[in-house]
Amino acid sequence: MDLKNVYDLLLHKLGTQNWWPASNEIEMLIGMILVQNTNWLNVEKSLANLEEATKFDLEKTIALNDEDLQSLIKPSGFYKSKASYIKNILDFYQNKYQEFNDYDTDDLRKKLLTIKGVGYETADVMLLYLFHRPVFVSDAYAKKLFATLLGDDSQQISYMSLKKFVEDNSIFALNDYKEFHALIVEYGKTKSNFLAEYQLSKELRGKFLFYK
């Protein structure tokens, strides 16, 4: 299999996902922070609380005091740090979004990583869904899937090695990257194993050795 075969099989089995699930960019950004180290069901509870309190209005959300914000997002865990990170990311969005959008993708990623609370995965999710840049998000679901496809141990696959491997060896357009990420997450969430019988081509598996 090549990477396009993997994409096509996921799409055929799971259907179009149309991610990121959010009503506006404020909800999307908050969701990107809340989902860190938890599952989406917990995030949905926190988002429902925030929607009731602010309707995901930027000014109303930023105006929340720390105690109120922490209480609203408590279902997602790590609520004290995440409340701080939400304020950081919304401050960025309010004051620096247009400036950041002028950077090329590599420089933009470096800038995003300077925001406290934004790590590799969150930066790539922001690049993909907020800035609409064609990048691969090599999250835990992706690492697990590719460990199977590569015949490798997922613990030996680093975030950046998998990201670069997919980006260098695929011809995906922006919407393909968005859909691929969503499909991989859905595949991981459903605990399905219909890809367990497949492996990437010998050529691709050989190439991956250069990215480890």
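The values are calculated or read from the model by the stated rules, or taken from the named source; none is laboratory data. Predicted, not measured: the structure shown is a model, and the values here were computed from it. A quick note on method: Cβ atoms are made from the backbone with ideal geometry, for glycine too, and the neighbour counts reach across all protein chains shown. All accessible areas refer to the heavy atoms of the entire protein, side chains included, with ligands and DNA or RNA removed. Shrake-Rupley method; radii C 1.70, N 1.55, O 1.52, S 1.80 Å.
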Original post:
Among Ala196, Ala123, Ala182, whose mean-square fluctuation peaks in a Gaussian network model of the chain (Cα, cutoff 10 Å)?
Top reply: Ala196
Original post:
Under the rule of -39500 (n - 2.57) per DSSP H run of 4 or more residues, summed and divided by the residues of the chain, what mean residue ellipticity at 222 nm is obtained, to the nearest 500 deg cm²/dmol?
Top reply: -19500 deg cm²/dmol
Original post:
Once both labels are modelled 7 Å past Cα along the beta-carbon direction, what's the Ser192-Ala140 spacing in nm?
Top reply: 2.1 nm
**OP:** Multiply the residue separation of Asp91 and Leu58 by 0.36 nm, subtract the distance between their alpha-carbon atoms, and state the gained length in nm to one decimal.
**Re:** 10.9 nm
Original post:
What are the aspartates and glutamates whose alpha-carbon lies under 17 Å from the alpha-carbon of Lys191, with same-chain residues fewer than 8 places away excluded?
Top reply: Asp139
Subject >> Choice from Glu59, Glu25, Glu51 with maximal GNM fluctuation in the chain (Cα, 10 Å cutoff) >> reply: Glu59
Subject >> Between region 63-119 and region 155-208, the alpha-carbon center distance in angstrom >> reply: 27 Å
Subject >> Of Lys143/Lys189; Lys45/Lys164; Lys74/Lys116, pairs whose Cα-Cα distance is over 25 Å >> reply: Lys45/Lys164
Original post:
Given N residues in region 57-161, what is Rg(Cα) / (2.2 N^0.38 Å)?
Top reply: 1.26
Subject >> Carbon plus sulfur fraction of accessible area for region 1-85, probe 1.4 Å, in percent >> reply: 46 percent
**OP:** Could I have the simple spin-label model distance between Leu9 and Leu174, label points 7 Å from Cα toward Cβ, reported in nm to one decimal?
**Re:** 3.0 nm
**OP:** Note down the nm distance, to one decimal, between modelled labels 7 Å out along Cα→Cβ at Asp102 and at Thr16.
**Re:** 3.6 nm
**OP:** Using every pair of alpha-carbon atoms in the chain, split the distances into 10 Å bins beginning at 0 and state the percent of pairs per bin, rounded to integers.
**Re:** 8, 33, 34, 19, 6, 0
**OP:** Give me the accessible area per residue for the chain, probe 1.4 Å, as a whole number in Å².
**Re:** 51 Å²
**OP:** Can you find, among Tyr198, Ser158, Asn175, the residue farthest towards the positive end of the dipole of region 158-198? Put +1 on the C-beta of Lys and Arg, -1 on that of Asp and Glu.
**Re:** Ser158
